[in-house]
Amino acid sequence: MNCIIIDDEPLAREAVELLIREDKRLTITGTFGNTRSASVFLSANMVDLIFLDIQMPGVNGIDFAKTIPRNTLVIFTTAFSEYALDSYEVDALDYLVKPIEYDRFWKSVDKAFSYHTLLINEEKERIEDIMDDFFFVKSERKYLKINYNDILFVEALKDYVVIHLCDKKIITKMYLKTIQDLLPETIFFRINRSYIVNLKYIDSFDNNDVFTRNNEIAIGNGFRDAFFRIFSSKKI
């Protein structure tokens, strides 16, 4: 699982990072001293788990947790046990009191890993079938056939995705990462945290956006280099 640490205390961030690096299931993709910088990172990167301090300058951890995607798990880390009740009101997975005990930390990580696996399996069960050039998704109480070649782009919408086809839109309860794993990498590209585009329908692009069938989609900072590498070999 990809994870980040958000804590305004450098020593606290370092302590959690040392614990994380002992588990090969976890990969640290960023550490942040405030929620503002973390929010910028999350706008361009997929994160499975956040170790989040509660009492911080500016936007505190409780309020920040209300703004992140529901499929991103949160484990609060704080020196104040009185915040425990508040943490569960924002669907936090767990609550660790500083200084964090070794065994308690691993119990929390095991819980996160188990829950993450359940989420992934639940999403994959929504896919009825996968073929060479099409798959089925459940929408409006029935399974609909989706041809790869008919997809313009896919948009994340909270716990759902909107599949934009050439002639219509289909909404299904699924995470964007799940459908990304189904789509051929040679045709589709994750352009930012919320969109996957069909490369063959891109009409034009600049340094910041791609344009497809009158739709303008921003290129995420964390995805820009890979995107331009794809097209560098196609330019004349």
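Every read-out reported here was derived from the displayed coordinates using simple, explicitly stated rules and does not represent laboratory data. Values in this document were obtained by computation on a predicted structure and should not be read as measured data. Here Cβ is always computed from backbone atoms with ideal geometry, including for glycine, and neighbour counts include all displayed protein chains.
With the cut-off at 19 Å, tell me which of the pairs Lys66/Lys107; Lys138/Lys177; Lys142/Lys169 have Cα atoms farther apart than that. From the list (Lys66/Lys107; Lys138/Lys177; Lys142/Lys169), the Cα-Cα distance tops 19 Å for Lys66/Lys107. Based on the Cβ-Cβ distance of Lys107 and Asp63, what FRET efficiency does E = 1/(1 + (r/R0)^6) give at R0 = 25 Å, to the nearest 0.05? Efficiency at R0 = 25 Å is approximately 0.40.
In a solvent-free Debye calculation with one equal scatterer on each Cα, what is log10 I(q)/I(0) for the chain at q = 0.18 Å⁻¹, listed in the order of the q values? With no solvent term, the Cα-only Debye profile gives -1.28.
Restricting to DSSP H runs of at least four residues, report the calculated mean residue ellipticity at 222 nm for the chain, -39500 (n - 2.57) per run over all residues, nearest 500 deg cm²/dmol. Let's see the in-between values first.
Working: 7 runs with 69 residues, N = 236.
Dividing the helical sum by the residues of the chain leaves -8500 deg cm²/dmol.
What full-extension length gain, to one decimal in nm, is calculated for Ser204 and Asn2 as 0.36 nm per residue of separation minus the Cα-Cα distance?
Working: separation 202, 0.36 × 202 = 72.72 nm, distance 3.22 nm.
Full-extension gain reported as 69.5 nm.
I want the antiparallel fraction of DSSP beta bridges within the chain, as a percent rounded to 5. Please list the in-between numbers first.
Numbers: 31 of 49 bridges.
In the chain, DSSP labels about 65 percent of beta bridges as antiparallel.
Can you figure out the FRET efficiency of Gln55 with Leu157, using R₀ = 35 Å and their beta-carbon distance, to the nearest 0.05? Working from the Cβ atoms, E equals 0.60.
Placing unit charges on the Cβ atoms only, positive for Lys and Arg and negative for Asp and Glu, gives the chain a dipole magnitude near 760 debye about its Cα centre. Rounded to 0.05, the FRET efficiency of the Phe231 and Leu11 pair, given R0 = 45 Å and the Cβ-Cβ distance, is 0.55.
Note on the range 1-79: the C-alpha convex hull projects to 4.7 nm² when averaged across all orientations.
Potential lengthening of the chain between Asn221 and Leu18 amounts to 70.3 nm, from the contour at 0.36 nm per residue minus the alpha-carbon distance. Angle check, please: helix 10-20 long axis (alpha carbons) against the longest principal axis of the chain (alpha carbons), in degrees 0 to 90, nearest 10. Here the helix axis deviates by roughly 70 degrees.
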